[in-house]
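These notes are about the structure you will find just below.
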Amino acid sequence: MSTDSNTLPPNYHRNFLAGLIHGIFFQASAALSSIHTVFPSLVAALTPAASAVGLMATLQSIGQVIPQLYTAYVVDHLSRRKPLLLGIITFRFLSFLLLAWMVLRFGHTQPLVVLWALLLLFGAFSLLGGMGSVVYADIFSRAIPARRRGRFVGMRQLFGYALAILAGYFVKWVLGQPERFPFPHNYAIILGASGATLAIALTGFALIKEPPVPTRRVLRHRHAVWHSAVQLVKASESLRILILVQSLITVSLAVAPFFVIHAKRDLAIPLATVGIYLSLQMGGAAVSNILWGWLSDRHGNRLVIIGIALMSFFTSLLAWLTPASLGWLYGGVFILLGATISGTRVGFANIILEMADDATRPVCVAVRNSALLPTALVPFAVGVLAKWLPYTVLFRGAAVIALISLLLAMFRLPEPRDHPDIICSL
């Protein structure tokens with residue numbers, strides 16, 4: 001069912017285009033600093049400890065959820081919310097420029113200093129990114145109507161991942177010429193490029209016209225955040241099931257940063273192949289977005305989440321079963337990984353917007369994301385377990401967890417469009 005053009009919110013076409021510019025170049029920046037390929041490879045060049053890779057993934061997960069309930073309170077009292085997100089993106093941009101300089105200046109002489117700077121800055125902009133996700137969801141839920149969001153997210157990620165595929169070849173080109181771009185120049189160049197594309201994303205977001213915010217307030221004071229969070233979770237079984245399904249899928253994806261480490265150490269894949277894997281991941285994400293966007297708009301986001309769980313299962317299964325003699329087949333892991341991650345940005349991001357009314361939406365988004373906090377420790381635990389267990393054993397466990405999430409999504413998770421009575425409200 002299409003949305004009547006007369007019912008579109010003000011500045012819809014401008015915001016749609018500006019949002020695409022922001023999302024496309026933000027995705028390219030994220031690809032150039034991917035937590036699943038580039039950053040693990042950089043960390044491995046700075047230290048042999050696999051736990052450092054897990055710690056980085058844990059910092060990202062913790063940063064994304066810790067500040068969200070407080071952010072919901074702050075956002076609930078702001079008449080304009082766009083400036084907060086502008087400041088967050090600016091900090092991330094400056095962080096990448098600083099990291100590029102530090103890698104170039106100290107990568108050879110003081111690698112542990114660079115590692116700690118990387119972890120601290122990465123943790124900081126992950127923390128701010130967690131705040132930003134609440135603001136972003138709120139702004140775009142008002143700017144893009146529900147039956148246009150699948151189209152918007154699908155186009156944003158389709159073109160974003162197309163640019164990210166080129167980013168993967170850029171990474172391959174840089175890392176594949178050690179005589180021309182020796183360490184640490186290679187990673188400094190890649191981080192600098194990530195900062196440059198993020199600057200374009202910042203410009204796109206600056207062009208957005210923020211729609212009016214709801215006048216009704218649901219959080220009268222700071223302490224009301226926790227009370228409202230508990231009330232929402234108790235009152236909504238559908239929200240509890242959604243949190244459980246997303247938690248299981250997040251846990252199953254906790255092994256993803258170790259796919260590239262396994263390829264290098266156990267399958268003897270050359271360093272330059274990291275760029276190929278990045279392109280394959282982005283290619284899988286781009287192609288799958290056609291399916292995810294169509295499913296989201298036409299049939300709802302429950303089917304998208306079922307597809308995500310299925311892709312996560314096959315990702316870990318293929319990583320577990322691929323032998324060293326068939327190293328070329330391992331590229332399929334990253335195609336499936338890209339499809340899985342892109343699906344989470346459509347399915348989970350959109351279904352929560354349809355499960356809450358306008359005033360409650362920031363709190364509902366924050367509650368859902370904050371409930372994922374325990375899963376943030378899983379990547380670090382995987383890094384520690386990797387000292388004693390082969391990666392293939394860890395991948396096998398991830399496949400089992402993904403299978404459980406698939407069954408829950410199929411038989412317990414409702415579709416909000418078919419069940420309007422499940423709307424979360426305070």
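What follows is calculated from the coordinates using simple rules that are stated; it is not laboratory data. Values in this document were obtained by computation on a predicted structure and should not be read as measured data. For neighbour counting, all protein chains shown are included, and Cβ atoms are generated from backbone atoms with ideal geometry for every residue, glycine included.
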The chain: Cα Rg divided by the 2.2 N^0.38 Å rule of thumb: 0.94
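Compute the Rg to Rh ratio over the range 135-212 from the alpha carbon atoms, using the Kirkwood formula for Rh, and round to two decimal places. Numbers along the way, then the final one.
Numbers: Rg = 17.1 Å, Rh = 15.0 Å.
The Rg/Rh ratio comes out at 1.14.
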Residue of S126, S279, S236 that the Gaussian network model of the chain assigns the largest fluctuation, springs spanning Cα pairs under 10 Å: S236
Two-decimal Rg to Rh for the range 252-373 - Kirkwood Rh, Cα set: 1.06
Dimensions (Å) - the range 158-203, Cα atoms, principal axes, largest first: 34, 19, 9
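Between L8 and A268, what FRET efficiency comes out of the Förster formula 1/(1 + (r/R0)^6) with R0 = 45 Å and r the beta carbon distance, rounded to 0.05?
Working: r = 54 Å, r/R0 = 1.21.
E(calc), rounded to 0.05, equals 0.25.
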Derived scalar couplings ³J(HN,Hα) [the range 21-31; Karplus, 6.51 cos²θ - 1.76 cosθ + 1.60; whole Hz; x for Gly, Pro]: 4, 4, x, 5, 7, 5, 5, 5, 4, 5, 5
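In nm, what is the difference between 0.36 nm times the number of residues separating L119 and L321 and their Cα-Cα distance?
Working: separation 202, 0.36 × 202 = 72.72 nm, distance 3.20 nm.
Between L119 and L321, full extension yields an extra 69.5 nm.
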For A356, residues with placed amide H under 5 Å, excluding near neighbours: C424
Distance in nm between pseudo-label sites at W388 and F91 (7 Å out along the Cβ direction from Cα): 3.8 nm
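Based on Cβ point charges of +1 for Lys and Arg and -1 for Asp and Glu, what charge dipole magnitude is obtained for the chain about its Cα centre, in debye rounded to the nearest 20?
Working: 32 positive and 14 negative charges, 101 e Å.
Approximately 480 debye in magnitude.
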Zero-based 5 Å bins, Cα pair distances in the range 227-268, whole percents: 5, 19, 15, 13, 11, 10, 8, 7, 6, 5, 1
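Taking only the C-alpha atoms, wrap a convex hull around the range 297-347 and report its volume per residue in Å³ as a whole number. Numbers along the way, then the final one.
On the way: hull volume 2.9 nm³, N = 51.
Taking the convex hull of the Cα positions in the range 297-347, it is 58 Å³ per residue.
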FRET efficiency estimate (nearest 0.05) - Cβ-Cβ, L166 to W294, R0 30 angstrom: 0.75
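Evaluate the relative contact order of the chain (contact order divided by residue number), counting alpha-carbon pairs under 8 angstrom at least 6 apart; express in whole percent. Intermediate values should be presented prior to the final figure.
On the way: 711 pairs, mean separation 123.4, N = 426.
Worked out over the chain, it gives 29 percent.
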Per residue Cα convex hull volume in Å³ - calculated over the range 104-172: 110 Å³
Fluctuation leader among A366, A324, A137 - the chain, Gaussian network, Cα springs under 10 angstrom: A324
Principal axis box of the range 91-220, alpha-carbon based, largest edge first, Å: 58, 36, 19
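Tell me the Kirkwood hydrodynamic radius of the range 338-406 in angstroms, computed as one over the mean inverse distance between distinct C-alpha pairs. Mind dumping the intermediate values first?
Values: mean 1/r = 0.0692 Å⁻¹.
After inverting the pairwise mean of 1/r, the radius is 14.5 Å.
Beta carbons within 10 angstrom, averaged per residue: use that to sort the peptides 385-394, 53-62, highest first. It would help to have the intermediate numbers written out before the result.
On the way: 385-394: 15.1, 53-62: 23.6.
Ranked by mean Cβ neighbours within 10 Å, highest first: 53-62, 385-394.
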